[in-house]
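K.L.:
Structure below; questions to follow.
A short reminder: the numbers here are calculations on the coordinates, not readings from a lab. Computed from a predicted structure; not experimentally measured. Glycine also receives a Cβ, built like all others from the backbone with ideal geometry; neighbour counts cover every protein chain displayed.
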Amino acid sequence: MPVFKPGTRVKRAGSWETVSHVTLRRNDLAVYLVGSTEAVDPMELELEPTVFTTERVPGAY
């Protein structure tokens, strides 16, 4: 399940935008983007890729 929180970069319709805030309405997730007053359906959004490794890295905490 994608994690949407303020400051997260998301891709919508080919352009990168930033999440302003997230609310729950009637058991539905509503994601608001910076500069927009309308909620966006989370299914329309794509998260910025993150780095994940299963190997230990010396010196990393």
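K.L.:
With the contact rule set at Cα under 8 Å and sequence spacing of 6 or more, what percent relative contact order holds for the chain?
P.N.:
Values: 81 pairs, mean separation 16.5, N = 61.
Relative contact order, the chain: 27 percent.
K.L.:
No solvent, one uniform scatterer per C-alpha: report log10 I(q)/I(0) for the chain via the Debye equation at q = 0.25 1/Å, two decimals.
P.N.:
For the chain at q = 0.25 Å⁻¹, log10 I(q)/I(0) is -1.03.
K.L.:
Now, a different point. Which of the GluC sites (Glu not before Pro) found in region 1-48 are loop residues per DSSP with 10 or fewer other Cβ atoms within 10 Å of their Cβ?
P.N.:
Sites meeting the loop and neighbour criteria: GLU38.
K.L.:
Pop a pseudo-label 7 angstrom from the Cα along the beta-carbon direction at both GLU48 and SER36 and give the gap in nm to one decimal.
P.N.:
The answer from the label model is 1.7 nm.
K.L.:
Another one. Taking the Cα centre as origin and putting +1 on Lys and Arg beta-carbons and -1 on Asp and Glu beta-carbons, what dipole magnitude results for the chain, to the nearest 20 debye? Let's see the in-between values first.
P.N.:
Values: 7 positive and 8 negative charges, 37 e Å.
Dipole size: approximately 180 debye.
K.L.:
Okay, next question. Compute the signed sum of charges (Lys and Arg +1, Asp and Glu -1) over the other residues within less than 13 Å, Cβ to Cβ, of SER36. Display every interim value, and only then the final one.
P.N.:
Numbers: positive: ARG12; negative: GLU17, GLU38, ASP41, GLU44.
Once positives and negatives cancel, what remains is -3.
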